[in-house]
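Student: There's a structure below that I have some questions on.
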Amino acid sequence: MNERSIINRIVAAETGDKEEYQKFFEKKLKEHGVSSPNEFKTEKEKKDFFNEIDKEWDADQETD
């Protein structure tokens, strides 16, 4: 997990978006055919997944 993803998760939890973020995250995992980021076969696939999450998730008070 990259630093930005960790920050986004913290922000989501602090702003009350935790449940929405969790649903979004699980939906994206399902779209990729995995139940955990650890199931990606390569680090590139995992990195691409988290980049997609970062690009598509819009937290209320997201920081870069």
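The values are calculated or read from the model by the stated rules, or taken from the named source; none is laboratory data. Keep in mind the model is a prediction, meaning the values are calculated, not measured. Using ideal geometry, Cβ is built from the backbone for each residue, glycine included, and neighbour counts are taken over all protein chains shown.
Student: Residue under question is residue 40, and the condition is that it be under 9 Å from the mean Cα position of the chain (by Cα), modelled with pLDDT of 90 or more and surrounded by 10 or more Cβ atoms within 10 Å (Cβ to Cβ); does it hold?
Tutor: In short, no.
Student: For residues that are under 17 Å from residue 54 (Cα atoms) and either aliphatic (A, V, I, L, M) or in a helix (DSSP H, G or I) (or both), tally how many sit in the stretch 26-42.
Tutor: Selection size over the stretch 26-42: 7.
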